Amino acid sequence: MTAAALRRRVTVLGSTGSVGRSTLELMAEAEAAGSGRFQVVALTGGGNVARLIEQARRWRPEVAVIADDRRFAELRDGLAGTGIAVAAGDDAVVEAAQRPADFLLAAIVGAAGLRSTWAAAGTGVVLGLANKESLVCCGPQLLARVRQSGGRLIPVDSEHSAIFQVFPADAPASVSRLVLTASGGPFRALSREQMAAITPEQAVAHPNWSMGAKISVDSATMANKGLETIEAAYLFDTPGDRIDVVVHPESIIHSLVEYIDGSTLAQLGPPDMKTPIACALAWPDRMAWPAPRLDLAALGRLTFEQPDLERFPALALARQSLAQGGWAPTVFNAANEVAALAFLDRRLSFLNIAAVVAETLERAANKGFGSGSGDACETALAVDRGARGLAGSVIADLAVAA
């Protein structure tokens, strides 16, 4: 198959979010460029029923699913007469994930996307993974499930896509180190004293990328780079002590792979999520779309610096959880998500996001999370629930202390 002949049956889980919308826009642009034809199997959204209706009318999927079952009537009425099946609730999202497709994008934010990603992983589909929490929560088990089903997992995060594109899958022993790049977020140059007064509005204003609110907060705290370190360890079977992070404010080099002979290969491009999406959607081919072009002469220079772990402790906490192993990364992810959302709700200060994560990891160490006998997905969800409860308790204690 050539790129010009690309045809795909596609499911998008989380189609109303930032990455889901970018995927559908990319598909439309590729069709306009004559480089792809797409039949949409299923679209799922969280609570934005108006956007889901608009997308479904444009793409005519077999089924449209809204996770918030209170919005079912609106979805049904909005798609009446179209012949599109409609459904609502988490179980319906899982069912949509299991429908036969060539490519499935898992882009539901947070641990809420774990069940549907796990279901898709068992179907043999090419799984484009933009839900990093699925890998953080049960990465080894998820990757094993994909292999056993005959499928393929392709990362959609820009950093992991960059590594995927230059990593020698047939000769992993030739790699000595992975280097993830980080923009540093909007507060890279601020002191901790200055960060104490940061507002949610400031935190979601990322200098380079257009992302959802929670992911933008993770970038501002550098928790996202901690999550990506855990992901990279699982995706590329690389120990955490051979994965480094470097701050690169221009976000042009998306990650690097260092080889044992001293060579270092990097993937470069303007910061646009459609590029890693296109890589996954067209794999193993490439597809044309009106992509922004890289003009190095116009850029003039690229800069780099070490991350400051005192000002951004979330990165060190993620590494700590990876080194601890077991279900500690799941606890890290849950605590970080609860804390980030509490900050967005103005119930927690910016600096206390990492403090909540640290205290939750400490309290969880004595709880025996993950000792049940259920399958990996259900165990991960149980650990996630327990860790969320602990994180909520920590936030409540901080509020009382204040």
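Observations, loosely collected:
- Couplings 3J(HN,Hα) for the stretch 319-331, derived from phi with the Karplus relation 6.51 cos²θ - 1.76 cosθ + 1.60 (θ = phi - 60°), are 4, 4, 5, 5, 5, 5, x, x, 9, 4, x, 5, 5 Hz, where x marks Gly and Pro.
- Packing-based ranking of 127-136, 14-23 yields 127-136, 14-23, ordered from highest to lowest mean Cβ neighbour count within 10 Å.
- Sequence-distant residues sharing a close amide H with S176 (under 5 Å, placed H): E258, Y259, I260
- Share of pairwise Cα-Cα distances greater than 32 Å in the chain is 33 percent (whole percent).
- Of interest is the spacing of the C-alpha centroids, which for the stretch 335-366 and the stretch 125-199 amounts to 22 Å.
- Lysine pair number, Cα distance threshold 19 Å (strictly under), the chain, separation 8 or more or different chains: 4
- Exposure proxy order (Cβ contacts within 10 Å, fewest to most) of F304, F312: F304, F312
- Electrostatic dipole magnitude of the chain [Cβ: Lys, Arg +1; Asp, Glu -1; Cα centre; debye, to 20]: 680
- For the stretch 306-315, 3J(HN,Hα) per residue [Karplus equation, 6.51 cos²θ - 1.76 cosθ + 1.60, θ = phi - 60°, Hz, x = Gly/Pro]: 6, x, 8, 6, 6, 7, 10, x, 4, 5
Taken together, the values in this text are just the output of simple stated rules run on the coordinates, not laboratory data. All of these numbers come straight from a predicted model, not from anything done at the bench. Cβ coordinates were reconstructed from backbone atoms using ideal geometry, including for glycine residues, and neighbour counts include every protein chain displayed.
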